[in-house]
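Visitor: Please find one structure pasted underneath; my questions will follow.
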Ligand code: ZN
């Protein structure tokens, strides 16, 4: 079994989900198949399919949202790379023991029916990494 099975989706920070949805609908030729707010993270999200791949757009719902802070610092664009895992707790333990900094010590509920954990970009060469496991 692989540790990180595949790229599950790319997360892209946008100032406006309405504008992002319009842009990506034109780009990909299909509308988002799902929209979902994650209150605990201060985000509204939408999901698009491009063949087998998924794109997640994220908009801040309040000024303290990590997405608001990201856009303030780095502007709109790729925010995180999400990898699918089969056993998120095992991967969290493995990556922690490899010296990666986990941003949450327990899996949390993310969008799209996933358990998620983020790795600090400081230890990953500048890219925020999300691990996600289907909640079934
Ligand atoms: Zn994500």
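Visitor: Is it fair to say residue 40 is modelled with pLDDT under 95 and either in contact with a helix residue (DSSP H, G or I) (Cβ under 7 Å, 6 or more places away or on another chain) or under 13 Å from residue 111 (Cα atoms) (or both)? Steps first, answer last, please.
Guide: Numbers: modelled with pLDDT under 95: yes; either in contact with a helix residue (DSSP H, G or I) (Cβ under 7 Å, 6 or more places away or on another chain) or under 13 Å from residue 111 (Cα atoms) (or both): yes.
Yes: the conditions hold for residue 40.
Visitor: Where the second residue is loosely packed, with under 11 Cβ neighbours inside 10 Å and the first is assigned to a loop (DSSP other than H, G, I, E, B) and lies in segment 26-46, which pairs have Cβ atoms under 7 Å and are six or more apart or on separate chains?
Guide: From residues that are assigned to a loop (DSSP other than H, G, I, E, B), the pairs are 42/62; 42/64.
Visitor: Checking the conditions here, which among 71, 55 is within 15 Å of residue 14 (Cα to Cα) and part of a strand (DSSP E or B)? Write out each step before concluding.
Guide: On the way: 71 fails: part of a strand (DSSP E or B).
None of the other options fit; the residue is 55.
Visitor: Is there a residue in segment 105-123 that is within 17 Å of residue 4 (Cα to Cα), at pLDDT 95 or above and part of a loop (DSSP other than H, G, I, E, B)?
Guide: Yes, segment 105-123 has at least one match.
Visitor: Would you say residue 42 is within 16 Å of the ligand (Cβ to nearest atom) and more than 12 Å from the chain's Cα centre (by Cα)? Break it down into steps so the answer makes sense when it comes.
Guide: On the way: within 16 Å of the ligand (Cβ to nearest atom): yes; more than 12 Å from the chain's Cα centre (by Cα): yes.
Taking the combined requirement at face value, the residue satisfies it.
Visitor: Next question, about the same structure. Where residues in segment 95-136 are more than 22 Å from residue 12 (Cα to Cα) and surrounded by 14 or more Cβ atoms within 10 Å (Cβ to Cβ), which of them is farthest from the ligand (Cβ to nearest atom)? Steps first, answer last, please.
Guide: First, the residues of segment 95-136 that are more than 22 Å from residue 12 (Cα to Cα): 95-100, 105-106, 135-136.
Checking the rest, the ones that are also surrounded by 14 or more Cβ atoms within 10 Å (Cβ to Cβ) come to 95-96, 100.
Working: 95: 17, 96: 20, 100: 17 Å.
Here the answer is 96.
Visitor: In the list 49, 54, 89, which residue meets the criterion of being under 16 Å from residue 133 (Cβ atoms) and either more than 16 Å from the chain's Cα centre (by Cα) or away from the ligand (no atom under 13 Å from the Cβ) (or both)?
Guide: One residue alone meets the criteria, 89.
Visitor: May I pose another question? Contact list please: Cβ distance under 7 Å, first residue in segment 91-118 and more than 23 Å from residue 54 (Cα to Cα), second residue at pLDDT below 95 and surrounded by fewer than 12 Cβ atoms within 10 Å (Cβ to Cβ), pairs at least six apart or on different chains.
Guide: That search, which allows pairs on different chains as well, returns 101/122.
The values are calculated or read from the model by the stated rules, or taken from the named source; none is laboratory data. Here the structure is a predicted model, which means the values were calculated and not measured. Backbone-built Cβ (ideal geometry, glycine too); neighbour counts: all protein chains shown.
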